[in-house]
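To start, the structure under review is shown below, and the notes come after it.
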Amino acid sequence: MGEGGRGNEGTGGEGLNDRRRKFLTSPKGAFTLLAIAAVAWGLTLRSRMSPSARHVEAGIEFTRKGKLLDAEKEWRNATVQDPNNALPWEYLAESYSDIHNWQGALEALHHLEHLKPDSPHLQARLAMVAMHTGDEMAAYKYADSSLKLEPNDQYTILLFCTLLANTGENQRRLDLLRHLVKLQPDKIETQVLLASTLTDKRQFDEARPLVEQILMKDPSNLDASSLRGMILLNTDSSPAGLKQAETAFLKTVATPHYAAFAHFNLGKIYKRMGKPKEAMPHLEEAVKLLPMRREVWFELAEASSQAGQTAKSEAARAQSELLLRQENAIKSLEKKCATNPEDFDAHLELTNRFITRSEFHKAEIHMERVKTLRPQDPRVQAAFQKLAAAEHTIPSPANTGSSETPDLLSTNGGR
């Protein structure tokens, strides 16, 4: 019977063992063997993993499935299993940053700083996260440290320039922007940022050729047109110069993003031309778009006075003086926050003031700080709701230039 069975295999076609050998020696069979071996090896390695490593791997798998809370739990467990393992803190920092949990990200990065201080771009990441928590002093320290290690880190240069604008370190800021333009020679946005900063700081001789260079590359660039008008308005008071400045701003006035700035400067141009009645409609439109800008009210007061409209002039001047007092109060509060990041009352006051002024980005920075300092304080909850409501119902004031342009309204604006 046994022999008959074997004989049937041999005479009725290939035997089972022969077919197995042919399959396993074929490319498909070899691939199958490798896949089985890989799974077996993976199971072996997993069985040999430390408990901490298994939690890390489980967290990665949950992330692939979009289960971020489960991933966070696994990585947190990994830190408990092995407090000296930097890897789960690395994953937690990335995860928290992605969902804008800045306090969580900061905690994770501080652990990473302790366990693995040579982690790539660690100081830059700390600077970015600290900035989002509202701790500009810490962000400054980390950004400064990062640029000493990586002087060509373009993202950190931009972040540090934002901080330097607040500290008033204008020369260092300009030097960094010049360096950034060299690192990004073909990026018009960076050139616009440098040109606008130079214009804001009244360094017109350096700004002018840069603006013209931008316009040669991109004649329709409205940021550069605004800057050209600004430079002409501040350097050439001749009738021809004022006419060229007028032409530059008329190119941008119909675009909502630039309308406020254009109306403001067209009002100034017509006032200088001795045409206060032509200036007033532009300045009245500017105060509608920028009601919290002292300079706009000042120019409206001047034009109204020239046009013989005394009552309107006095009302506009009173508003300008009120806003000046408010600006001085904000500067004082900003100094308090810079010297003492733990000053809850100062941060809360700034949050509310910036909401009132529709300066939502600044409000958000200080909002993060008060949430960190006193998360359960009812005033924090009230400010948060006020900010959320304002952001959904009130558009931010039209910018005065590019999205990263410093405050150009202050250049030769009101007194």
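No value in this document is a laboratory result; all are computed from the given coordinates. Note that the structure is a prediction, hence the values are computed from the model and not measured. Here Cβ is always computed from backbone atoms with ideal geometry, including for glycine, and neighbour counts include all displayed protein chains.
General observations
- Residue order for His111, His263, fewest other beta carbons within 10 angstrom first, comes to His111, His263.
- With a Förster radius of 35 Å applied to the C-beta separation of Met137 and Glu314, the computed FRET efficiency comes to 0.25.
- Of all lysines in the structure, the ones whose alpha carbon falls short of 27 Å from that of Lys141, not counting any fewer than 8 places away in one chain, are Lys116, Lys182, Lys201, Lys331, Lys335, Lys336, Lys362, Lys371.
- Within the range 51-119: Cβ-based charge dipole about Cα centre, in debye rounded to nearest 20 (Lys, Arg +1; Asp, Glu -1): 220 debye
- Between Lys288 and Gln306, full extension at 0.36 nm per residue minus the direct alpha carbon distance yields a gain of 4.4 nm.
- Normalised Debye scattering of the range 342-393 at q = 0.20 Å⁻¹ gives log10 I(q)/I(0) of -0.55, counting only Cα atoms as equal scatterers and leaving out solvent.
- Cβ-based exposure ranking for Val192, Val80, Val287, in which fewest neighbours within 10 Å come first: Val80, Val287, Val192
- Selection from Thr351, Pro375, Ala388 lying farthest towards where the dipole of the range 342-393 points positive, charges on Cβ: Ala388
- Spin-label pair Asp144/Asp70, simplified geometry with 7 Å Cα→Cβ offset, distance in nm: 4.6 nm
- Sorting Thr235, Thr63 by the number of Cβ atoms found within 10 Å of their own Cβ, with the fewest placed first, yields Thr235, Thr63.
- Summed residue charge, Cβ within 15 Å of Arg208's Cβ, Lys/Arg positive, Asp/Glu negative: -3
- Difference of contour (0.36 nm per residue) and Cα-Cα distance, Ala389 to Gln81: 106.5 nm
- Order by protection proxy (mean Cβ within 10 Å, highest first), peptides 98-104, 269-275: 269-275, 98-104
- Rough spin-label spacing in nm, given labels placed 7 Å along Cα→Cβ, for Gln213 and His121: 2.7 nm
- Highest average first, the peptides 117-123, 349-355, 241-247, 193-199 ordered by how many other beta carbon atoms sit within 10 Å of their residues are 193-199, 349-355, 241-247, 117-123.
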